[in-house]
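Derivation of every value follows stated rules applied to the coordinates shown; laboratory data play no part. In this text the structure is predicted, and so the values were computed from the model without any measurement. Using ideal geometry, Cβ is built from the backbone for each residue, glycine included, and neighbour counts are taken over all protein chains shown.
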Amino acid sequence: MKFVILGFDGPEGEARRKIHRPAHLARLEPLDAQGRVVLAGPLTDKAGSLIVIEADSFEEAQRFAQEDPYVRFGVFERVEVHPFMQVFPKAALPS
């Protein structure tokens, strides 16, 4: 199942992001190596970040989000996790 993780930066998010970015990326790399990161990156309006991952359950996706360094070190002041159904690109749809 796919899940969208939306992380919304707190008031000091931009400054903290620079400090904790290496740990945040290091946490995503093993999941990416497993092919479970669909996409991830910062929102260009500096509101936060968007991550789409494959997880076995909502609980697993939520746990992954809550354990992210950006959450633990106060980059994000709020995180939302939502189930997601991919429609495009069609090549990614199950046959």
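Helix-only mean residue ellipticity at 222 nm, the chain, DSSP H runs n ≥ 4 weighted -39,500 (n - 2.57), per residue, nearest 500. What is it? If you can, show how the numbers build up before the last one.
Numbers: 3 runs with 34 residues, N = 95.
Helix-only estimate at 222 nm: -11000 deg cm²/dmol.
Could you compute the net charge surrounding V79? Neighbours are other residues with a C-beta less than 13 Å from the C-beta of V79; K and R count +1, D and E count -1. Summing Lys and Arg as +1 and Asp and Glu as -1 gives -2. The mean sequence distance of close C-alpha pairs (under 8 Å, at least 6 residues apart), as a share of the length of the chain, puts its relative contact order at 46 percent.
Taking amide hydrogens as placed 1.01 Å from N in the peptide plane, the amide H of D9 sits under 5 Å from those of G48, S49, E77, each at least 5 positions away in sequence or on another chain.
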